[in-house]
Structure formats: C-alpha cells, structure tokens
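The values are calculated or read from the model by the stated rules, or taken from the named source; none is laboratory data. Everything numeric here is computed off the predicted structure, so don't read it as measured data. Cβ atoms come from the backbone with ideal geometry, glycine included; neighbour counts cover every protein chain shown. Just the protein is used for accessible areas: all its heavy atoms, side chains included, with ligands, DNA and RNA removed. Shrake-Rupley method; radii C 1.70, N 1.55, O 1.52, S 1.80 Å.
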Amino acid sequence: MPPPVPITPAGPAVIDTALTDTAWPDTTVTDTARALVADDKGLLAIDESIPTCNKRFAQLAIPQTEQARRTYRELIVTTPQLGESISGVIVCDETIRQRTAHEVPFLSVLRDAGIATGIKVDLGATPMAGHRGETVTEGLDGLRARLAEYRQLGAGFAKWRAVFTIGAATPSRVCMIANAHALARYAALCQEAGMVPVVEPEVLMAGEHTLSRCGRVTEDVLRLVFDQLEEQGVVLEGMLLKPNMILPGRDCLIQDPVQAVADATRTCLRRAVPAAVAGIVFLSGGQSGDLATIRLAAVNDGTGSPLPWPVAFSFGRAIQQPALTIWDGRDANVTRAQQAIQRRVTANRNARRGTDFE
Ligand code: 13P
C-alpha cells in the first residue's frame, strides 16, 4: 500500500515571481502601438479583399486583374513623402507578397519610408446562422500559424474587422457577443506573436437610424468588446481600437452638423474605451475624404476636455477614393493620383491637431 499523500493546509497563494516578472506581452507590442499613433501620424488601409478591390475597379472600367491591383498598390506605397503623415499601411495577403515593377518587395519600400506594414488577417464577415441580416467574422482557425508567417515576412501589426448593421432588431446581443469574442481571440493571438492588434468593430452607416441610435449601439458594442478583451488577457496598452465615428445613418433625414458628430463620438468613446488603450484610429466607413477629415479635426479640437488616448485615423476610402478616380488605370495619371494621396494624408495629419488643419 502506498504511503498516504500528505495534505498541505491551504495557505496564501504562492506567487511564482519568475512567471509574474515576465512581461506579457513583451514590450514590442506596446512600443509598436505607441509608435503607430505618434507624431500626429495615422494608418492607411489598402487591404481591400480581391473581390472588393475588383468591384471598385469595375466601377471605373479598370481591368480586374492581379497585375492591375499590383500596379495600383505600387502607386500608393511609392507615393513620395508618404511616411511624413503615415506610420503604417494595412495590406491584404495578396499585396504583402507583391513587389514593385523593379522587383522591390512592397514591405521593403514601406520600411525604407519609415512605415510599418500591417496585415488584414480576418477572412471576412459571413452570415450568422439563425440571425438574418447579421454576420460573424471568420478566420480564427489556423490564425496562429498565419500570424507567424506574416511576422516572419515583416508585418508589425494586424487588423480584424467585425461588422454590425443597425436595423429594427439588430444588432442582436448574441451577434455582438460572438464578434466581440472573436475579436478578442484574434487580439490575444496577435500579441502572443509580437504583433499589435488593430481591433475594428464597425457599426455601419447604412440605414435610416439617427445619430443617437448609432451612439447607443456603438457604446453597447464597445463595452462588450472590452469585456472580452479583458477576459482574454489582451494588454490594452499594446492594441489600437479602430471604431466608426458616431454618425446618423446614410438615409436618415436629419444629417447632424460636424460639431454634433464630434460631441457624440467623444462621449461614446469616453464612456466605453478604457484610458489604457494605446490609441484610437477611426475607419472612414464611406464618408467623403473631406468630411472624414473635418470630423476627425472636430473630435480632436482642443476646446473640449482632453481625451485620454491619441485619436488618429486608419482610413481606406477617405484617402484612396480621389486617387483611384484620377488614376483610372492609366500610367500617365500616376503622379496626379499620388498628389491626391499626399493631399489627403497631409490634411488628416493636420486634423489630428484640431480644427485649424487647412
Ligand atoms: P474605410 O476607411 O474605407 O471604412 O476602410 C477602413 C477599413 O480598413 C475597413 O476595414
């Protein structure tokens, strides 16, 4: 018969200092997160999926080929002085592997301009079973291995977008919880891989809802997202939040003025976003370039009480749209298209300093 196992009386928990002294995550992510929102710079999102990019090309009768997408993205990443206003560019899987016409990897072009490369790692929003009109974003299976590869390629940060539609009965609580849970799982995996997660819960502009409804829904979504981030051990100082601004629906009869948008946006973020978050980088969500910039400036206007985080931008369409229209698939228009990008990124950098941005 084996000797009885001695029973140790319960005492104070023994703290393993070797474990608790190990910073989780390492300082790479907190340093990178801070750097991405430093110096009034912001992010440029050019990570449209192949179908989305093709759709935008089709509207301008630009060929929907890999070659055309490569040429367009080369135009953007080689824009002169891009690094004066842009700290990071978010690309998709196709773009991160592409090179310029002179065979220089896009990643190297960006690095030489002092710009970090980010990678969109979600695999898109798919219909949520049993919840008509709602989606859940997929892409967690195999994500650890994909992040390791992107890190190896040189990506310093990542992006995952969840989408919420405002309707009579949406977004449902279960849709918000499912997406918040996935965002937090993604964010934790990013930090484990030494990459900064950009956490993007987007409440869409589509619909007839009012500004205040958008504010209430966004606040609910953000609270659930931060509950999950906390629950899953994500370090807030090592992440960026990419939210929508608080806007009336595109089809709402009352289109509120800039100051009302800025006030509602500041109120919502203040209520729902912990001060420890490294920074806020707005998506543009279909706003025109000018309007997105003016509203960013109003949110940053110093006349309100100070906000606890740097408030920057991570615009896609609001930076690219004028340039894409000017380029129109023609080499002869590249310089003018790049000038259009320069105008937009400079205006957005200036907007981080408040309303006096022209
Ligand atoms: P928009 O600024 O066009 O909304 O794009 C930002 C983005 O990255 C969407 O995921």
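Find the residue count for region 153-196, including only residues that are assigned to a strand (DSSP E or B) and hydrophobic (A, V, I, L, M, F, W, C). Residues meeting the conditions: 7.
Residue-by-condition table, conditions (1) within 20 Å of VAL198 (Cβ to Cβ); (2) acidic (Asp, Glu):
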site	(1), (2)
ILE119	yes, no
MET128	no, no
HIS131	no, no
GLU134	no, yes
GLU138	yes, yes
ARG144	yes, no
PHE157	yes, no
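Considering only residues of region 300-335 that are open to solvent by 70 Å² or more (accessible area, probe 1.4 Å) and either among the hydrophobic types (A, V, I, L, M, F, W, C) or at pLDDT 95 or above (or both), which is nearest to the ligand (Cβ to nearest atom)? Ranking the candidates gives ARG317 first. Given SER284, SER314, SER288, which one is polar (S, T, N, Q) and in contact with a Phe, Trp or Tyr (Cβ under 6 Å, 6 or more places away or on another chain)? So the residue among SER284, SER314, SER288 that is polar (S, T, N, Q) and in contact with a Phe, Trp or Tyr (Cβ under 6 Å, 6 or more places away or on another chain) is SER284. The residues of region 231-256 that are within 16 Å of the ligand (Cβ to nearest atom) and either assigned to a loop (DSSP other than H, G, I, E, B) or farther than 20 Å from VAL29 by Cα (or both), listed by number, are MET239, LYS242, PRO243, ASN244, MET245, ILE246, LEU247, GLY249, ARG250.
The set of residues in region 316-353 that are assigned to a loop (DSSP other than H, G, I, E, B) and either under 12 Å from GLY289 (Cα atoms) or more than 21 Å from the chain's Cα centre (by Cα) (or both) comprises GLY316, ASP328, GLY329, ARG330. Exactly one residue among ALA323, ALA298 is touching a residue at least 12 places away in the same chain (Cβ under 8 Å) and closer than 20 Å to ARG56 by Cα, and that residue is ALA323. Number of residues in region 123-135 that are surrounded by fewer than 22 Cβ atoms within 10 Å (Cβ to Cβ) and touching a residue at least 12 places away in the same chain (Cβ under 8 Å): the value is 8.
Could you tell me which of the residues ALA206, ALA145, ALA187 is of a type in the set (Gly, Ala, Ser) and in contact with a helix residue (DSSP H, G or I) (Cβ under 8 Å, 6 or more places away or on another chain)?
None of the other options fit; the residue is ALA187.
Screening THR303 with (1) under 19 Å from VAL199 (Cβ atoms); (2) over 18 Å from the mean Cα position of the chain (by Cα) gives one miss only, at (1). Output the number of residues of region 124-152 satisfying the condition of being touching a Ser or Thr at 6+ places or on another chain (Cβ under 8 Å) and of a type in the set (A, V, I, L, M). Counting residues in region 124-152 that are touching a Ser or Thr at 6+ places or on another chain (Cβ under 8 Å) and of a type in the set (A, V, I, L, M) gives 3.
Matching residues to (1) farther than 23 Å from LEU36 by Cα; (2) in contact with a Leu (Cβ under 9 Å, 6 or more places away or on another chain); (3) within 16 Å of the ligand (Cβ to nearest atom); (4) open to solvent by 40 Å² or more (accessible area, probe 1.4 Å):
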{"site": "ALA260", "(1), (2), (3), (4)": "yes, yes, no, no"}
{"site": "ALA264", "(1), (2), (3), (4)": "yes, yes, no, no"}
{"site": "THR267", "(1), (2), (3), (4)": "yes, no, no, yes"}
{"site": "VAL273", "(1), (2), (3), (4)": "no, yes, no, no"}
{"site": "VAL277", "(1), (2), (3), (4)": "no, yes, no, no"}
{"site": "ILE280", "(1), (2), (3), (4)": "no, yes, yes, no"}
{"site": "LEU283", "(1), (2), (3), (4)": "no, no, yes, no"}
{"site": "SER288", "(1), (2), (3), (4)": "yes, no, yes, yes"}
{"site": "LEU296", "(1), (2), (3), (4)": "no, no, yes, no"}
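The listed residues are MET205, MET176, and the only one of them that is open to solvent by 10 Å² or more (accessible area, probe 1.4 Å), in contact (Cβ under 8 Å) with a residue 60 or more places away in the chain and among the aliphatic types (A, V, I, L, M) turns out to be MET205.
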